[in-house]
Structures are given as structure tokens and as C-alpha cells.
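The values are calculated or read from the model by the stated rules, or taken from the named source; none is laboratory data. Model, not experiment: these values are computed from the prediction. Heads up, the Cβs are rebuilt from the backbone with ideal geometry, glycines too, and the neighbour counts pull from every protein chain shown. Heavy atoms of the whole protein, side chains included, go into the accessibility calculation; ligands, DNA and RNA do not. Shrake-Rupley method; radii C 1.70, N 1.55, O 1.52, S 1.80 Å.
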Amino acid sequence: MGVIVTASSRGIGFNVARELLRRNARVVISSRNRENLRKALDELSGYGEVYAVEANLFDQRDLENLVKESWELLGRVDALVWNAGNVRCEPCLLHEATYLDWIEASALHTVAPGYLTTLLVQTWLETKRKGVLVYLNSVSIKEPMPPLVLADVTRAGLVQLAKSVSRTYGGKGIRAYSVLLGSFDTPGARENLKAVAEERGEPFEETWEREVLGRTPLHRTGRWSELGSLVAFLLSDDAEYMLGSTVVIDGAMTRSVDI
């Protein structure tokens, strides 16, 4: 299976790419940071067939080129695992956000995944191929975290996108899922929590304990093998009847119950 994983030079995207390679997927990783992308490619090359395409998720031409080059490198693209980092102002509260911050968040968390989906669906329909889209999202869209309001609001639409894609194109073998992640130990997560700790004038370890470890009865972050197994399952034919679903992997962090 040929898979594109976006924003995958570090953190969640990198680790998901590695887990998929371990499960024999053929993967294209992407990042707008050339040096980080090169380092990631070097490290991941020991796990399987992996390629790198430099792509700025804010740039229309880069999104188009990502699909084009991935198709050429892999021979075909069977799936997209959408991942994105943080907008520059986060963590920031609502009253601190500017108009341009909202534009940036919308471009990153709504426009970019939406447009990539359009490009891939068009290609799959034209070539009469099946395809899978997995949008890595956050449980904070269900139980908002105020310092991440920009991401919470603009990422919530990925749930609608997954359902819409599945209802419209599921009969043609194109399906989509939204995965709501809890806490995983990434550089981005630690950078955000360090900023929160500094704002509150408390030690980072105290903030990490309360905002991350203390939110789940397991008292730990998610393991990459757990997330990798979930994503691999969703990409497989065994998850076909789950098309359009929103899947939570958060160690029971969230208190809400959906019936």
C-alpha cells in the first residue's frame, strides 16, 4: 500500500510513518523544513520503502505537487494520513488571536486537508481506484482546551469531511475516518506545555503531570505502536464498514459520552 503522511519529519507524523513502514506500507513523508525532512528520511529508510517530498501545507502548488510526486514515486497512492502541526500563535487564548491567526488556522486545519482530499478523490475517481483517508485530529474538539482554541475550532470540520467523503464516495471504494488523539509525547506537545508552564509561572514537570499524565487513569501518554496499529487497521479492508467513523484513542482522557 502506498501512503502519504503529511507533516511527518518529526512528532506524530514521523512516528506514524515509521509504524506504517514496520507494517510493510510504502510511504511518502513530507515537511516544509528541508533539513528536518532529510534527517527523517535517513532515519526511516532503515524501516522500509520511504520517499520524501518537500511540501508547505499552506501552499496550493506544493499540495498539488505532493500528490503528483507521490503518485510517481509510489506508482500509485492508496491512502493519505493527514497530520498537521500547530499554528504559530498557539498556545494562545481567544482574546489573544488576531485575524491573521484565524486565517492561518483555517488554512492549515481546514483548507489544506480539504484540498488534498479533493485532489486525491479526483484522481481515484479518474483511475477507478479505491482510496482511504485518515485525518489525525484531537480529542480537544470534543472537550476544548482553551489555549488551543484555533486548532479546536478549525479541526472540528475534519469529522464532517470524513463523513461526507464516506457517504458520497463510499460506494466507489473511497472511505475516510477522523481519529481523535489524546496525549502523545512529541516535541510539539512539550513545546506547548512549556509555554503554558511559563505563563503560569510553574515548573514544566508540574504542568505535564496535571495536563497530560493526570488526565488519564493509565497515567501515561499513548504508545506509537498503539496508534500505528489503529491507523493500519483503518487503512485495511477490515475497517471498510466503519467508513466515516470518528475513532477516539485517548486513554479515557475525555469525560464526555456519545450515545
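Key figures for this structure:
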read-out	value
Every residue from segment 41-92 that is touching a residue at least 24 places away in the same chain (Cβ under 8 Å), open to solvent by 70 Å² or more (accessible area, probe 1.4 Å) and assigned to a loop (DSSP other than H, G, I, E, B)	TYR47, GLU49, PHE58, ARG76, ASN86
Output for segment 120-148, where each listed residue is open to solvent by 30 Å² or more (accessible area, probe 1.4 Å), in a helix (DSSP H, G or I) and either touching a residue at least 60 places away in the same chain (Cβ under 8 Å) or within 21 Å of SER106 (Cβ to Cβ) (or both)	ILE141
Filter result (buried (at least 16 other Cβ atoms within 10 Å of the Cβ) and either in contact (Cβ under 8 Å) with a residue 60 or more places away in the chain or farther than 24 Å from ILE103 by Cβ (or both)) within segment 156-169	LEU158, VAL159, ALA162, LYS163, VAL165, SER166, TYR169
Residue within segment 157-174 that is under 18 Å from ALA105 (Cβ atoms), touching a helix residue (DSSP H, G or I) at 6+ places or on another chain (Cβ under 8 Å) and polar (S, T, N, Q) present	no
Segment 170-188 - residue that is in a helix (DSSP H, G or I) and in contact (Cβ under 8 Å) with a residue 24 or more places away in the chain and, of those, surrounded by the fewest Cβ atoms within 10 Å (Cβ to Cβ)	PRO187
Within segment 77-98, considering residues that are polar (S, T, N, Q) and at pLDDT 95 or above, the one farthest from the chain's Cα centre (by Cα)	THR98
Selection from segment 190-202 of residues that are over 20 Å from GLU143 (Cβ atoms), open to solvent by less than 70 Å² (accessible area, probe 1.4 Å) and either aliphatic (A, V, I, L, M) or touching a helix residue (DSSP H, G or I) at 6+ places or on another chain (Cβ under 8 Å) (or both)	ALA195, ALA197
Residue satisfying all of: in segment 236-255; assigned to a loop (DSSP other than H, G, I, E, B) and in contact (Cβ under 8 Å) with a residue 60 or more places away in the chain; farthest from the chain's Cα centre (by Cα) among these	ARG255
Cross-chain or 6+ apart pairs with Cβ under 6 Å, segment 99-119 first and at pLDDT 95 or above, then in a helix (DSSP H, G or I) and open to solvent by 30 Å² or more (accessible area, probe 1.4 Å)	HIS109/ARG155; THR110/GLY157
Residues of segment 212-235 that turn out to be open to solvent by 20 Å² or more (accessible area, probe 1.4 Å), assigned to a helix (DSSP H, G or I) and under 30 Å from LEU133 (Cβ atoms), as a count	8
Segment 94-107, residues that are surrounded by fewer than 22 Cβ atoms within 10 Å (Cβ to Cβ) and closer than 25 Å to GLN160 by Cα	LEU94, ALA97, TYR99, LEU100, ASP101, TRP102, ILE103, GLU104, SER106, ALA107
Residue pairs meeting the criteria (Cβ under 7 Å; at least 6 apart or on separate chains; first under 19 Å from PRO144 (Cα atoms), in segment 193-222; second open to solvent by 40 Å² or more (accessible area, probe 1.4 Å) and assigned to a loop (DSSP other than H, G, I, E, B))	ALA197/PRO203; LEU213/HIS219; LEU213/ARG220; THR216/ALA252; THR221/ASP185
